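Peer 1: Questions regarding the structure given below will be posed in turn.
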Amino acid sequence: MHPGDRNDQEYERLAHDFEDHLRHGYRYLVRRIGYRAKAFNEMVTMHGGVGAVQRLLRGRDTSEGFARLWETNMLQHSVEASVLRPEYEPLFTDDERATARRRLEDHQFDVDGFLRQVG
């Protein structure tokens, strides 16, 4: 299974699980810090979870949502952290995963510690 194989049933199941993960995280952040990411929700609805995150990762800079999560010490709930979760590795390219890791590390997030916790 790899990101380009859009007809693969396992890929589709995993992509659906990833989108559920994103939506669950969104609801958690609304309750926890009152953060309503309307534009992100619209992107997910329009492009699916994987497509929305790929668009965010192609951006030169981090998103407004990333900044908000960094300010509230909640980067473990960022899309960048979600991309690095081992169970979602097949959905993203090595370059996308490297971008996610770099953004987190640039903001002093302990990526390896996070991966030990979720792995």
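The values are calculated or read from the model by the stated rules, or taken from the named source; none is laboratory data. Just so it is clear, the model here is predicted, and its values are computed rather than measured. Ideal geometry is used to build each Cβ from the backbone, glycine not excepted, and the neighbour counts take in all protein chains shown.
Peer 1: Restricting the range 2-25 to residues that are touching a Phe, Trp or Tyr at 6+ places or on another chain (Cβ under 7 Å) and at pLDDT below 95, which is surrounded by the most Cβ atoms within 10 Å (Cβ to Cβ)?
Peer 2: Pro3
Peer 1: Additional query: Just give me the residues in the range 26-75 being β-branched (Val, Ile, Thr), more than 20 Å from His16 (Cα to Cα) and surrounded by fewer than 17 Cβ atoms within 10 Å (Cβ to Cβ), in sequence order.
Peer 2: Listed by number, the residues that qualify are Val30, Ile33, Thr72.
Peer 1: What helices (runs of 4 or more DSSP H) lie completely within the range 29-108 and have 1 or more residues being of a type in the set (Asp, Glu) and free of Cβ contacts under 8 Å to residues at least 12 places away in the same chain?
Peer 2: Those helices (runs of 4 or more DSSP H) span 38-58, 64-71, 94-106.
Peer 1: In the range 12-28, which residues are over 13 Å from Tyr88 (Cβ atoms) and free of Cβ contacts under 8 Å to residues at least 12 places away in the same chain?
Peer 2: Of everything in the range 12-28, those that are over 13 Å from Tyr88 (Cβ atoms) and free of Cβ contacts under 8 Å to residues at least 12 places away in the same chain turn out to be Glu12, His24, Arg27.
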